[in-house]
Amino acid sequence: MKYLTIGIILSITGVLLSFGFWELGKAYLVTGAIGLFFIAISVFMSGSIAGPHHMRAGLEAPDSPDERQKRKRTSIGSVLIGLPNVMTSLLLYLFLN
C-alpha cells in the first residue's frame with residue numbers, strides 16, 4: 001500500500017509539474033516517463049535481463065535467499081510505484097487527445 005501511495009503522489013506531482021511548465025496536453029508524457037522508468041528499474045532488479053557476456057560465460061551465480069527476497073521486494077515495489085503513473089498516462093492520453 002505504501003508503494004501505491006508513492007506512485008499516486010508521483011503521478012499527481014507529474015501532472016502538476018507538466019501543467020506548470022507546459023500545457024496539460026503534455027501531461028501524459030511526464031507521467032508515462034515516470035511510470036516506464038520505475039518499470040524498467042523493476043525489470044533490471046528482477047534479474048530477468050542478463051547481458052550476453054554473463055549468459056555466454058556462465059557467470060550466473062546463485063543468490064542467497066535473503067538477496068533473492070530483497071530483489072523480489074524491490075522489483076514488486078518498483079512496479080507498484082510505476083503502475084499508477086502508467087494508468088494515469090493512458091487515461092490522460094485517451095481523454096486529452
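The values are calculated or read from the model by the stated rules, or taken from the named source; none is laboratory data. Just so it is clear, the model here is predicted, and its values are computed rather than measured. Here the Cβ is made from the backbone with ideal geometry for all residues, glycine too, and neighbour counts use every protein chain on show.
Summary of computed values
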read-out	value
Search result, residues across the stretch 1-37 that are at pLDDT 85 or above, out of contact with any helix residue (DSSP H, G or I) (no Cβ under 6 Å at 6 or more places or on another chain) and of a type outside the set (S, T, N, Q)	2, 9, 12, 16, 17, 29, 33, 36, 37
Matching residues in the stretch 3-16 - criterion: being touching a residue at least 12 places away in the same chain (Cβ under 8 Å) and loosely packed, with under 14 Cβ neighbours inside 10 Å	4
Number of positions in the stretch 5-34 that are of a type in the set (Gly, Ala, Ser) and out of contact with any Ser or Thr (no Cβ under 6 Å at 6 or more places or on another chain)	5
